[in-house]
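Bear in mind that the values in this text are calculations on the coordinates, not laboratory data. The shown structure was predicted, so the numbers you read here are calculated from the model rather than taken from an experiment. Glycine also receives a Cβ, built like all others from the backbone with ideal geometry; neighbour counts cover every protein chain displayed.
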Amino acid sequence: MAVSSPKTDMKVKPALYAAAGVPELWVVDVPGRRLHAFSEPRPGDYATTVVLGADAVFGPRHVEIGQLELRTLFAGV
């Protein structure tokens with residue numbers, strides 16, 4: 001999430017991506033050390049949003065690449 005555009009990253013982009021049928025969207029909140037995972041697109045938004053902290057392990061639902069330890073993502077932040 002860009003510091004200058006959290007509203008765009010959290011409200012505008014998810015609505016656009018969902019409307020386009022993108023199955024999953026992740027927004028990384030670096031200052032907050034969180035990951036916002038949007039899934040199950042429907043017109044205008046996503047049906048499901050999960051917010052995960054820096055100690056979580058998470059992986060994409062539609063791409064087989066395995067799990068990501070968020071502490072690794074936020075290492076050094």
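Only helices enter this figure: runs of n ≥ 4 DSSP H residues, each worth -39500 (n - 2.57), summed and divided by the residues of the chain, yield -3000 deg cm²/dmol at 222 nm to the nearest 500. The distance between label points at H62 and K11 comes to 2.5 nm (points 7 Å beyond Cα on the Cα→Cβ vector).
For the chain, the alpha-carbon coordinates run over 37, 32, 15 Å along the three principal axes, in decreasing order. Here the range 6-73 is treated with +1 on each Lys and Arg Cβ and -1 on each Asp and Glu Cβ, and its dipole about the Cα centre works out to around 220 debye. Straightening the chain between A54 and A19 buys 9.7 nm, computed as 0.36 nm per residue apart minus the Cα-Cα spacing.
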